[in-house]
1. Can you give me the P(r) profile for the range 153-229? Cα pairs, bins 5 angstrom wide beginning at 0, each as a whole percent.
2. Give, rounded to the nearest 20 debye, the magnitude of the charge dipole that the chain has about its Cα centre when Lys and Arg contribute +1 at Cβ and Asp and Glu contribute -1 at Cβ.
3. Can you tell me how much longer the chain between L132 and A224 gets when fully stretched, taken as 0.36 nm per residue apart minus their C-alpha distance, in nm with one decimal?
4. Between 0 and 90 degrees, rounded to the nearest ten: what's the tilt of helix 101-114 against the longest Cα principal axis of the chain?
5. Could you give the angle, 0 to 90 degrees to the nearest 10, between helix 132-142's Cα long axis and the longest principal axis of the Cα atoms of the chain?
6. Would you mind computing, in nm to one decimal, how far apart the modelled labels at E83 and A65 are, each placed 7 Å from Cα along Cα→Cβ?
7. Mind listing the phi-derived Karplus ³J(HN,Hα) values for the range 67-81, rounded to whole Hz, using 6.51, -1.76 and 1.60 with θ = phi - 60°, and x for any glycine or proline?
8. Report, in deg cm²/dmol and to the nearest 500, the calculated mean residue ellipticity at 222 nm for the chain, where each DSSP H run with n ≥ 4 adds -39500 (n - 2.57) and the sum is divided by the residue count.
Amino acid sequence: MPGLRAAVEHLTGARMSVHKVAVAIMAKVPRPGAVKTRLCPPLLADEAAALYRCFLLDKIASVGALANAHPVIAYTPEDAHAELKDLAPGFALVAQQGPDLGARLHSTLGGLLGSGYPAAIAVDSDTPTLPLDFLQRAVDLLSRPGSDVVLGPTEDGGYYLIGIRAVHRELFEDVPWSTSEVLDITLRRAARTGLHVTCLPSWFDVDTADDLERLRASLAATPAAARQTRGWLESWQH
C-alpha cells in the first residue's frame, strides 16, 4: 500500500524492521447501524456498536502484545481514520480497498507485502476471546521457512485469520463470503497452487444472539480474557 512504510516509521519513530510480520486487524468503524447488525435484537444499534468497539479494543490489545510483529489497522469506511487512530495508538492505519471482502483482503495483504514485510496476516475483529497464543503461533510460523499460508478456521466454516508470504489472488477471488464454504474453498485452491498450508486451532466468532450467549459463557470460564468486552457485557442490561 503506498505510503505504508512511511506511516509505520512515523508512528513508531523508527525505521520499519522488515524482518517482522505485519499483522492487520480488519476493522470497521464502530458506528450504530454499521456493525454487528445481526445482534439486533437482543441489542439496540447503539449497544451493538458499543460492544463491537470493545471487540476491537480487545483485539488491538492482543495484536499489540505480539512479538516479532508490526501492528496495523485496516479500516473501513475510508473516512474512519480519525476515529480509529485514537483507539489504536502505535498502529499503522491503512484504508481497506475493494468492493468485497476478498478484494479488501487481497489489497491489504498485497499492500503490506509490497511495502517490504516478509509476510502479512489479516485477522478479524469478531473473535474477542481468541487466545493470544493462536495469533503468536501464526506470526511464528510465518517468521521461519515452512508454511506458505496460515489459516485460523472458524467453527462456521470461515476463517478468523489468514497469513501469506506472497500474493495469491486465487485465494480471494469469487469466494462465497459469509458461508460455510469459505475455508474448504480456500484450502482446495491452495492445494491446487501447490501451497503448504498450516491451520491453527478453530475458534468461534460472534455474529448472532446465540453466539452472544456463548461469548458470555466463555468469558465466565476465562476470567482474564477480553477485558473490554467482559466489562461491557457485565454492565449491559437486557
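1. The distribution over the range 153-229 is 3, 13, 21, 21, 15, 10, 10, 7, 1, given as percents.
2. I would put it at about 760 debye.
3. Working it through step by step, the gained length comes to 32.0 nm.
4. 50 degrees
5. In the chain, helix 132-142 runs at an angle near 10 degrees to the longest axis.
6. Going from the E83 label point to the A65 one covers 2.7 nm.
7. Karplus-based 3J(HN,Hα) across the range 67-81 equals 8, 6, 9, 9, x, 9, 10, 9, 10, 8, x, 5, 8, 8, 3 Hz.
8. -12500 deg cm²/dmol
Computed from the coordinates by the stated procedures, all read-outs in this text should not be read as laboratory data. Keep in mind that this is a model prediction, so the values were computed, not measured. Cβ sites come from the backbone with ideal geometry, for glycine too, and all protein chains shown count toward neighbours.
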